[in-house]
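Working notes, structure below.
The values are calculated or read from the model by the stated rules, or taken from the named source; none is laboratory data. In this text, all values refer to a predicted model and were calculated from it rather than measured experimentally. Cβ placement follows ideal geometry from the backbone for every residue including glycine, while neighbour counts extend to all protein chains displayed.
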């Protein structure tokens, strides 16, 4: 292993491997490190679902062969009563996460990245106000050594192993509140029969008693195989997701074989405020890139990797890896996903306040259609048509508060998207922008306390 690289990428998941691929393809000398051995890359607890559009936006080949276990024709969202539902049309893949991860790793290596499995990048090397490399532990021989680089990318997932160890006074060292985390548990299982209503769809069940602050799901992966799981908001008093999975979810199906079970933590919120520093970027779950509503993180992680890679390649042309030189990563990512993500975070905060009765009413009354949900998911905004529709609907006479809430939620979602769309072009404007961001989300949360 060389002791100097242009870029060190810590973590070979979908974010890290994608970034390593684009950077190596761009001609940079890239080291890709992961705690897992080569044969373990891609073995990850995940919902395994991804919208087909992400591959075109990122510029990667669509998955084929063993990488695809099934295809979705859309998403079904069931009300807590499990009678009423909304169908969101759209094509998606049910991935074999292992084979997909192995493909991304192979692409990175073929482009020229050097992979080092069973190597743990456990601490950033900091000199003054710069990140100049990482401390690495070889998990096989236990040797500890340093690798220096022009840029370090933290793609270590929700733990943000490197970002979280940067000095507290740095903007990028933001600590994610526990209430913005989802504790998840899922099983890949084979059942005697997949329910007809779940065939060919990614099915989401809303129920605050089973999955408070989140939802439970059944994603049909083809044949009699499903990805079954749940996520709950990680706050005191909420149930242990593993217990709910074992005692409530699995007994709903006649399980013939368990292929893999496991749990994890997913940050579901808007991105951390600052994602770049001198010689340092973070991507994927290390910046909270997962969709705030459904928790999907594969697509956003690859989009973030693309944005980060473009920013680094541009900085390399100028030989400027300072915070100012890497700052364009923010604008790129927010244009691709981050601004929409901020709008969706407002919706998340609202949904987490609703009761099962509220959710039953919204879905059964037709207040929101599948097309509306599709548009919300792609734009991060609540369409004006929804407000006009419910304004003229007699059904709302039963719940006049819903109209008032939806109007306010729409206003807040629009403001959140605009706020992140107008992220400052340089570090000089960050503190003012961040003060506005904090004040805005404080206002949103104060209003929602009254719901």
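Being closer than 14 Å to residue 86 by Cα and in a loop (DSSP other than H, G, I, E, B) is the filter here; which residues of region 368-383 pass it?
Scanning region 368-383 gives 368, 369.
Answer yes or no as to whether residue 346 is touching a helix residue (DSSP H, G or I) at 6+ places or on another chain (Cβ under 6 Å) and outside any helix (DSSP H, G or I).
Here the answer is no, as residue 346 does not meet what is asked.
Out of curiosity, is residue 360 part of a helix (DSSP H, G or I) and either more than 17 Å from residue 422 (Cα to Cα) or in the same structural domain as residue 86 (by TED's automatic domain parsing) (or both)?
In short, yes.
I'd like the residue in region 167-182 that is assigned to a loop (DSSP other than H, G, I, E, B) and free of Cβ contacts under 8 Å to residues at least 24 places away in the same chain and, out of all such residues, is farthest from residue 244 (Cα to Cα).
Looking at the filtered set, the residue picked out is 169.
Inspect all residues belonging to region 141-153 and state whether any of them is under 15 Å from residue 36 (Cα atoms) and at pLDDT below 95. Don't jump to the end; show me each part of the working.
Going residue by residue through region 141-153, those that are under 15 Å from residue 36 (Cα atoms) are 141-142.
Keeping just the survivors that are at pLDDT below 95 gives 141-142.
Yes: region 141-153 contains one or more residues that are under 15 Å from residue 36 (Cα atoms) and at pLDDT below 95.
Please verify whether region 18-36 includes one or more residues that are assigned to a helix (DSSP H, G or I), touching a helix residue (DSSP H, G or I) at 6+ places or on another chain (Cβ under 7 Å) and not assigned by TED's automatic domain parsing to the domain that holds residue 166.
no
Please verify whether residue 134 is touching a residue at least 12 places away in the same chain (Cβ under 8 Å), out of contact with any helix residue (DSSP H, G or I) (no Cβ under 9 Å at 6 or more places or on another chain) and crowded, with 24+ Cβ neighbours inside 10 Å, treating the condition exactly as stated.
When the stated conditions are applied, residue 134 passes them.
Within region 304-318, work out how many residues are more than 11 Å from residue 58 (Cβ to Cβ), touching a helix residue (DSSP H, G or I) at 6+ places or on another chain (Cβ under 7 Å) and buried (at least 19 other Cβ atoms within 10 Å of the Cβ).
4
Go through region 246-266 and count every residue that is modelled with pLDDT of 95 or more and either surrounded by 20 or more Cβ atoms within 10 Å (Cβ to Cβ) or not in a strand (DSSP E or B) (or both).
Residues flagged as modelled with pLDDT of 95 or more and either surrounded by 20 or more Cβ atoms within 10 Å (Cβ to Cβ) or not in a strand (DSSP E or B) (or both) within region 246-266 amount to 9.
Name the residues in region 421-438 that are under 23 Å from residue 321 (Cβ atoms) and part of a loop (DSSP other than H, G, I, E, B), would you?
Passing the criteria: 423, 424, 425, 426.
I'd like to check something: does region 90-111 contain any residue that is under 20 Å from the mean Cα position of the chain (by Cα), modelled with pLDDT under 95, surrounded by 19 or more Cβ atoms within 10 Å (Cβ to Cβ) and within 17 Å of residue 363 (Cα to Cα)?
Checked against the condition, which is being under 20 Å from the mean Cα position of the chain (by Cα), modelled with pLDDT under 95, surrounded by 19 or more Cβ atoms within 10 Å (Cβ to Cβ) and within 17 Å of residue 363 (Cα to Cα), region 90-111 yields no hits at all.
Quick one: which of 300, 273 is part of a loop (DSSP other than H, G, I, E, B) and within 23 Å of residue 173 (Cβ to Cβ)?
Among 300, 273, only 273 is part of a loop (DSSP other than H, G, I, E, B) and within 23 Å of residue 173 (Cβ to Cβ).
Give region 37-82 a look and list any residue that's within 21 Å of the chain's Cα centre (by Cα), within 17 Å of residue 113 (Cβ to Cβ) and in the same structural domain as residue 134 (by TED's automatic domain parsing), or say none.
Listed by number, the residues that qualify are 41, 42.
Looking only at region 230-238, decide whether some residue is in a loop (DSSP other than H, G, I, E, B), closer than 30 Å to residue 418 by Cβ and not assigned by TED's automatic domain parsing to the domain that holds residue 380.
Yes, some residue in region 230-238 is in a loop (DSSP other than H, G, I, E, B), closer than 30 Å to residue 418 by Cβ and not assigned by TED's automatic domain parsing to the domain that holds residue 380.
Return the residues of region 84-99 that are on the phi < 0 side of the Ramachandran plot and touching a residue at least 60 places away in the same chain (Cβ under 8 Å); say none if nothing qualifies.
84, 85, 86, 87, 88, 89, 92, 94, 95 - these are the residues of region 84-99 that are on the phi < 0 side of the Ramachandran plot and touching a residue at least 60 places away in the same chain (Cβ under 8 Å).
Here's the yes/no breakdown for (1) surrounded by fewer than 17 Cβ atoms within 10 Å (Cβ to Cβ); (2) more than 17 Å from the chain's Cα centre (by Cα); (3) not in a strand (DSSP E or B):
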site: 184; (1), (2), (3): no, no, no
site: 188; (1), (2), (3): no, yes, no
site: 194; (1), (2), (3): no, yes, yes
site: 203; (1), (2), (3): no, yes, no
site: 209; (1), (2), (3): yes, yes, yes
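Mind counting the residues in region 14-61 that are farther than 18 Å from residue 95 by Cβ, in contact with a strand residue (DSSP E or B) (Cβ under 7 Å, 6 or more places away or on another chain) and crowded, with 24+ Cβ neighbours inside 10 Å?
9
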